1. With a 1.4 Å probe and every protein chain left in place, work out the accessible area per residue of region 28-154 in Å², rounded to a whole number.
2. Translational diffusion coefficient, Stokes-Einstein: compute it for region 5-250 using the Kirkwood radius over C-alpha pairs as Rh, at 10 °C and 1.306 mPa s, and state it as an integer in µm² s⁻¹.
3. Average the reciprocal distances over every distinct pair of alpha-carbons in region 1-123, invert the result, and give the Kirkwood radius in Å.
4. Let me check against my output: what whole-number percent is the relative contact order of the chain, with C-alpha pairs under 8 Å and at least 6 apart?
5. What net charge is computed for the residues neighbouring residue 104, neighbours being all others with C-beta under 9 Å from the C-beta of residue 104, Lys and Arg scored +1, Asp and Glu -1?
6. Which percent of the accessible heavy-atom area of region 180-251 goes to carbon and sulfur, probe 1.4 angstrom?
7. If you take the C-alpha gyration tensor of region 142-251, multiply each eigenvalue by 5 and take the square root, what semi-axes do you get, largest first, in whole Å?
8. Given the options 148, 112, 18, which has the most mean-square fluctuation in a GNM of the chain, springs set between C-alpha atoms less than 10 angstrom apart?
Amino acid sequence: MKKPIIIANWKMNLSFQKTLDLTSQVKDDLSEIKDKDIIVCPSAVALSSVAGLIKNTNLKLGAQNVFWEENGAYTGETSPAVLQEIGCQYTIVGHSERRKYLGETNLMVNKKVNICLENNLTPILCIGETKDERHEGLTDNVLYHQLKECLDGVNIVDNEDIVIAYEPVWAIGSGDIAEPEEVARVFELIQQVLIDIYPLTVVKNNVRMVYGGSVDSDGAVGFSQLKLLDGFLVGGASLEINKFKEIVKSL
Ligand code: PEP
């Protein structure tokens, strides 16, 4: 197993003050952990304050989104260079909620992955099939195309990392967690696609694979034996410090 990674996606769930409070709880309880990467992803408005709170701890900062240019006339967007400047090390890209509500396409996600790497940000690339696609037996096809298109022309060199988050859309926020056996099968598929694109050393050393979708403290335990699993992307359960702690412990 590579260094485990647990990503807390707080989405747009918390007020500014509650974001700071939760950051302090995570800091009190988890910032001593060195053998796992724990990434907190607050909403954009809280990023620099959270950066200040977790400075000089083992916790790491992630953004929930980024734009595909560094600067310019792009009203309302967030620059990858500025994210890096304020202390972000990771960025979620292509989350299904952004694909659904903001019309993000694989092409946009592809540009975001590229600009992240150019700015020393590790992209957390989210892929996953919808409920309908699953029922129509299209899961593998959807994932294949998402990976191929989002990683098209993306070069990963020695010191660069990428995280692939398999997040079945039907599992996100639904309480309906995927079966570990199915996730294991999907991870094999993802690994195979990655091996088609990148040298084996890159796949082995520079790519981590996580599962996301209704992970809670009980559910996480069932995944701990999966050979290819490097961690979790956690939404709802990351808002409760005790649940989040249990998930971190499960790995
Ligand atoms: C997510 O939104 O990335 C997620 C995994 O959410 P939840 O854990 O709430 O399903």
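1. Result: 48 Å² per residue.
2. Here the translational diffusion coefficient equals 88 µm²/s.
3. Here the Kirkwood hydrodynamic radius works out to 14.9 Å.
4. Working: 459 pairs, mean separation 48.8, N = 251.
Reported as a whole number, the value is 19 percent.
5. Local net charge: +4.
6. So the carbon and sulfur contribution to the accessible surface is 51 percent.
7. Values: eigenvalues 131, 44, 32 Å².
In descending order the semi-axes read 26, 15, 13 Å.
8. Highest fluctuation among the options: 18.
The values are calculated or read from the model by the stated rules, or taken from the named source; none is laboratory data. Predicted model, so just to flag it, every value in this text is computed and none were measured. Please note: Cβ atoms are built from the backbone with ideal geometry, for glycine as well, and neighbour counts cover all protein chains shown. When the accessible area is computed, the model is the full protein with side chains, heavy atoms only, and any ligands, DNA or RNA have been set aside. Shrake-Rupley method; radii C 1.70, N 1.55, O 1.52, S 1.80 Å.
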